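What follows is one structure encoded as structure tokens, with my remarks underneath.
The values are calculated or read from the model by the stated rules, or taken from the named source; none is laboratory data. Computed from a predicted structure; not experimentally measured. Backbone-built Cβ (ideal geometry, glycine too); neighbour counts: all protein chains shown. Surface accessibility is based on the protein's heavy atoms, side chains included, excluding ligands, DNA and RNA. Shrake-Rupley method; radii C 1.70, N 1.55, O 1.52, S 1.80 Å.
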Amino acid sequence: MSKALDGVRILDFTHVQSGPTCTQLLAWFGADVIKVEKAGEGDATRGQLRDVPDADSLYFTMLNHNKRSITLDTKNPKGKEVLNTLIKSCDVLVENFAPGALDRMGFTWERIQELNPRMIVASVKGFGPGPYEDCKVYENVAQCAGGSASTTGFDDGPPLVTGAQIGDSGTGLHLALGIVAALYQRNTTGRGQKVLAAMQDSVLNLCRVKLRDQQRLDRTGVLKEYPQYPDSKFGDAVPRAGNASGGGQPGWILKCKGWETDPNAYIYFITQAPVWGAICKVIGQEDWITHPDYATPAARLSHLKSIFDRIEAWTMTKTKFEAMKILNEFDIPCGPILSMKEIAEDQSLRATGTVVEVDHPKRGKYLTVGNPIKMSDSLTEVVRSPLLGEHTEEVLTELGYGLEAIAALRKEKVV
Ligand code: CAO
């Protein structure tokens, strides 16, 4: 079976998480991704958070499937020659170096265009043009600068970062979309272009509803679906909303049976308006269906705390899975709080290829997250990440280097 991006060749200059997330997706869609790594060192994550001595870490392996790895000293003049050849033979160059690193290497946009006018140059940077454009940025910096941290957590606590890697993996996703759009446009223009995904911008894009709320707060001075309403005062910025839903249907995380000992015995419960009657029946509070304090969504807003307390008295009598089953029979939206252990053992996620077991020659079997995007005509087979420089000879041969030339490059530590 063919793959969506068959025939697309990616020069992958990415490292750590944001860029590799992007190129891994492109590889899963069928692109030939050639990861260029520093000779002798490789992507720093190969050695970070190691759990098996001398084997590539899970941090690296889980972000670099289906790629080929070559080592190359791009600061060496002979290494630059190899890079010239690679640029000429690839469709997309993806990088997430610190700002200016590619220029300092001698590969400015103009130079790359000279070598290959069809080349798409795609970059992750921490910030777009502006006061912080030269800063190096990691995940949590982006979460803070993109508005996520100030709006995450509880009202009486400090800003919080989230475990979802919205700065790194989130930006990688944005960049991948920009790349496929640029490839599509190239079909008509014949030209490459620059694609930039800034981490701050990507996080803000994912926090769009909070900028919505900022403007509602500016206009009305209150956010009635927030837990601060009606008892606390609102300031001039969107406050942290705890576990409130962020949409027009109030929700909260409620304890389930076993919460005293199991930190994940909780369920997310949404009091969606169309099923309000069903909710009242399930929890045995049928008088709330017509009670003026509870009958309409508007009336309920100032009673959300007591409503969730009452629902929790019911959820605490059920395990999260029992509650999930009963509530779904009535189309009441809810979600169990699943631990990573439960997710790792979930057979349905294995069946769909979302959780995949991969074999690696140095570390043995490990679990990874497969392609979360499923396509009917472009199936993903997850292939283990490459060892450092595993494909150097193979790729150089494809580029036209003979065995002697390759041996000479090795001797001079260019590859
Ligand atoms: N051969 C020779 N040199 C190479 C090379 C190769 N194959 N690959 C990279 N280098 C060099 C670069 O040219 C750069 O050299 P100079 O600083 O002399 O120009 C150097 O290696 C280091 O690159 P870097 O500055 O990108 O790496 P860092 O570890 O200092 O910074 C990071 C890491 C992530 C903070 C920075 O790359 C960054 O801000 N990237 C953009 C934002 C981003 O992606 N952040 C997410 C990180 S987690 O996904």
Are there any pairs with C-beta distances below 8 angstrom linking a residue in the range 171-194 that is within 15 Å of the ligand (Cβ to nearest atom) to a residue that is open to solvent by 90 Å² or more (accessible area, probe 1.4 Å), with the two at least 6 apart or on different chains, and if so which?
GLY178/LEU196
Filtering the range 168-191 for residues that are farther than 20 Å from GLY30 by Cα and either under 23 Å from the mean Cα position of the chain (by Cα) or surrounded by 21 or more Cβ atoms within 10 Å (Cβ to Cβ) (or both) leaves a count of 3
Can you tell me which residue in the range 1-33 is nearest to the ligand (Cβ to nearest atom), limited to those that are surrounded by fewer than 23 Cβ atoms within 10 Å (Cβ to Cβ) and β-branched (Val, Ile, Thr)?
VAL16
Top-ranked residue of the range 34-57 - restricted to ones that are farther than 29 Å from ASP6 by Cβ and more than 15 Å from the ligand (Cβ to nearest atom), ranked as least open to solvent (accessible area, probe 1.4 Å)
ALA55
I need the helices (runs of 4 or more DSSP H) fully contained in the range 167-243, keeping only those with at least 2 residues that are within 30 Å of ASP309 (Cα to Cα) and touching a helix residue (DSSP H, G or I) at 6+ places or on another chain (Cβ under 9 Å).
208-220
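One line per residue, one yes/no per condition, for (1) of a type in the set (S, T, N, Q); (2) open to solvent by 20 Å² or more (accessible area, probe 1.4 Å):
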{"position": "ASN64", "(1), (2)": "yes, no"}
{"position": "CYS90", "(1), (2)": "no, no"}
{"position": "ILE120", "(1), (2)": "no, no"}
{"position": "GLU133", "(1), (2)": "no, yes"}
{"position": "CYS144", "(1), (2)": "no, yes"}
{"position": "ALA149", "(1), (2)": "no, no"}
Near pairs, Cβ below 8 angstrom, 6+ apart or cross-chain, from the range 76-97 (of a type in the set (Val, Ile, Thr)) to any residue that is open to solvent by 10 Å² or more (accessible area, probe 1.4 Å) and part of a helix (DSSP H, G or I):
VAL82/LEU409; ILE87/LEU115; VAL92/LEU183
If a residue counts only when it is within 10 Å of the ligand (Cβ to nearest atom), which helices (runs of 4 or more DSSP H) contained entirely in the range 64-160 have at least 2 such residues?
77-89, 101-104, 139-145
Evaluate the range 66-76: report whether one residue or more is under 24 Å from VAL137 (Cβ atoms) and over 22 Å from the mean Cα position of the chain (by Cα).
yes
With respect to ALA164, is the statement that it is surrounded by fewer than 19 Cβ atoms within 10 Å (Cβ to Cβ), within 15 Å of the ligand (Cβ to nearest atom) and small (Gly, Ala, Ser) true?
yes
Count - residues of the range 72-88 that are closer than 21 Å to ALA176 by Cβ and open to solvent by 10 Å² or more (accessible area, probe 1.4 Å)
0
Among the residues of the range 384-410, how many are open to solvent by 70 Å² or more (accessible area, probe 1.4 Å) and in contact with a Lys or Arg (Cβ under 8 Å, 6 or more places away or on another chain)?
2
Can you name every residue in the range 129-153 that is touching a residue at least 40 places away in the same chain (Cβ under 8 Å), closer than 15 Å to LYS210 by Cα and of a type outside the set (A, V, I, L, M)?
GLN143, GLY146, GLY147, SER148, SER150, THR151, THR152, GLY153
Answer residue from the range 44-58, given it is touching a residue at least 24 places away in the same chain (Cβ under 8 Å) and in contact with a helix residue (DSSP H, G or I) (Cβ under 6 Å, 6 or more places away or on another chain) and is nearest to TYR366 (Cα to Cα) among those:
ASP56
